[in-house]
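Following: one structure in structure tokens, then a few remarks.
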Amino acid sequence: MFLTDHLSDDVTTTQPILSVEGLTKSYTGGTAPVLHDARFWQAEGEFLAVVGPSGCGKTTLLRCIAGLLKPDGGRVLHRGVEHMNPPPWLSIVFQDYNRSLFPWLSVRRNAGFGLHNLNKAERERRVGEALAAVGLSHAADLYPWQLSGGMQQRTALARSIAASPELLLLDEPFASVDAQTRMDLQDLVMRICQEMKLATLLVTHDIDEAVFMADRIVVLSSRPARVVEDIAVRLSRPRDQLATKESPEFLQLRHRVFTAVREEVKPRKPTALNATSGGVK
Amino acid sequence: MRAERLGQRIVEFGGQALLLLTLMACWQAAAILFPAPYLPRLERIASSFWNLIHGELLVREVLPSAARVGAGLTLGIVLGTAIGLGIGYFRGLDPWLRPILEFLRALPAVTVLPAALLLLGSTDAMRVSIIVFGCMPPVLLAAIDGARRVDQLLLDTARVSGLTSAQTLVRVIVPAALPQVFAGIRVALGVALIMMVISELLAANNGLGAFIQRNQRLFNTANVYAGVLVIGVLAWLFTAAMLELEKRVLRWHRGWRGVIE
């Protein structure tokens, strides 16, 4: 199931970087179950995509993994250890970049936000590298409101990688930008994650994006969400927006993931108008 | 383009000057035609005003008032902001404190004047205290509101970045709530001036309020009007200073809102 190439030679003693075990969560005192017994794991350096029908609880799952939300049941293990709070080697990029960047800080300061424990020289070095990696060195002294959407999201990305994480969580990060910027950002994220050998967990509703970017795809059911399929993506890297997306392997995978998700959406469709029973399945 | 704007400004300014001159002319005409104690001529008001803003009178009457407002405002703002942000951030406190805060907000600050007089006597401590009492609630409530309204994503980012509660309060809540706090400060400024005048009208030996009171009793109406004008100038100065401070501190906010709207 997991790609062994990214693991160290000592497979038996290496813990998966992330292990989700039987995660359960509901809102409003149990009346609105969101997650039910979700379980999967992620290997070091692996790019994992999580897809599912809209509103199935993907973001809730991500927040539990990040340590921002306490699940009702089950555990989230980071390298075999359960954390109460977000562990220091985890970073997250949110969908709403204009709400997650600090408007009173410049790009440089935003990027360096999590690095307060370091001395000044080290912090500047890391911020410089992160900004260079995302292509924002020239805009370092601008403020978020002076940037385009794509640049803002790149700032958020720079902030995440400046912290030198080992696991990067992405919550529908490209949903709020236009299609062309989306492609640029996808390429950027893939390149950075490959270069940094960063384990990445991408939550997305865009199936094409999941197949294009990931090493493995986890498909969630609709609410209450559980894992219904775990699909390996054996497309070669580096991936190309044109060539990869036209390849037969890509199309097959896309078809498979799409059907899996659609299966989960089906029960929610409204019944025909001439149905005599009042109930919806 | 620039010439056009300059021309516009000149016309505006001219209009304002004309209006002011007309009002002054009416006053002067009335003072000459219907002489009365409460309608002194402009030149007497001007001379009283001039005396008040320099020399001995300045030091004895104007500066104490300004100092009281300054001290009361500073204390009220600092306390209001610190306590308000704390209450807003540590949400557990709010339900307990809500009824008291709502009561304080509704209570007209001047009502505590007699009690303050009893407690602290006719001292500067009393006067500054009731200024603080008056201008703290607007800032406090604004700070609570500002802290509550901080975007959850900013708080999440802070948590994932490993900030402690205290660090989050200082590095995220304070800047994020500042626009709201400044709105409260604007209200507080008005209240502070009112409380200053009233406390001095009723219980003080010096200060502009006391000056006005004394001259009213002696029917020196020119001095009374001069005092009023000086209070107006003082209020204007404080407001201008506050706006300038706000402009600098909240430069990012104007840019940000400009894009959103």
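Only the coordinates and a few stated rules stand behind these numbers; no lab work does. In this text, all values refer to a predicted model and were calculated from it rather than measured experimentally. Virtual Cβ from ideal backbone geometry, glycine too; neighbours counted across all protein chains shown.
Worth a mention:
- Ranking A:I207, A:S176, A:P165 by how far each Cα lies toward the positive end of the dipole of chain A (charges on Cβ) leaves A:S176 at the top.
- Charged-residue dipole, Cβ positions (Lys, Arg, Asp, Glu), chain B about Cα centre, Debye nearest 20: 280
- With θ taken as phi - 60° and the Karplus curve 6.51 cos²θ - 1.76 cosθ + 1.60 applied, the whole-hertz 3J(HN,Hα) list for the range A:65-79 is 5, 6, x, 7, 10, 8, x, 6, x, x, 9, 10, 10, 9, 6 Hz, x standing for glycine and proline.
- The local environment of A:A175, defined by Cβ-Cβ distances under 14 Å, has a net charge of -4 under the rule Lys, Arg +1 and Asp, Glu -1.
- Remark: mean inter-chain Cβ contacts per residue of A:101-108 equal 5, using a 10 Å Cβ-Cβ cutoff to other protein chain atoms.
- For the range B:147-154, 3J(HN,Hα) computed residue by residue from phi via the Karplus equation (6.51, -1.76, 1.60; θ = phi - 60°) reads 5, 5, 7, 4, 4, 4, 5, 5 Hz, glycine and proline entered as x.
- Peptide A:87-97 has a mean shielding of 2, counted as Cβ atoms of other protein chains within 10 Å of each residue's Cβ.
- If you take all other residues with their beta carbon under 11 Å from the beta carbon of B:R127, and give Lys and Arg +1 and Asp and Glu -1, the sum is -1.
- Neighbour counts of C-beta atoms inside 10 Å place A:V211, B:V191, B:V11 in the sequence B:V11, B:V191, A:V211, starting with the fewest.
- Across peptide B:154-166, the average count of Cβ atoms from other chains found within 10 Å of a residue's Cβ is 6.
- Proxy reagent accessibility, fewest Cβ within 10 Å first, across A:C193, B:C135, B:C26, A:C56: B:C26, A:C193, A:C56, B:C135
- Put simply, the amide H of B:A204, placed in the peptide plane, has no neighbours under 5 Å, leaving out anything fewer than 5 places away on its chain.
- Chain A, dipole about Cα centre (Lys/Arg Cβ +1, Asp/Glu Cβ -1), debye to the nearest 20: 760
- Residue order, fewest to most surrounding Cβ atoms within 10 angstrom, among A:K197, A:K245: A:K197, A:K245
- Each peptide among A:141-152, B:245-256 gets the average number of other Cβ atoms lying within 10 Å of its residues, and from highest to lowest they stand as A:141-152, B:245-256.
- Charging the Cβ of each Asp and Glu at -1 and of each Lys and Arg at +1, and nothing else, the dipole of the protein assembly as shown about its Cα centre rounds to 1240 debye.
- A:A225 long-range amide H proximity, modeled H, under 5 Å: A:L35, A:H36
- Between 0 and 90°, nearest 10: helix A:120-134 axis offset from chain A longest Cα axis: 50
- Formal net charge of residues neighbouring B:I10 (Cβ-Cβ distance under 13 Å; K, R +1; D, E -1): +1
- When both the range B:72-144 and the range A:124-154 are represented by their alpha-carbon centers, they are found 43 Å apart.
- Folded to 0 to 90 degrees: helix B:221-249 orientation relative to chain B principal axis, Cα: 30
- Centre-to-centre separation between the Cα atoms of the range B:1-49 and those of the range B:161-185: 46 Å.
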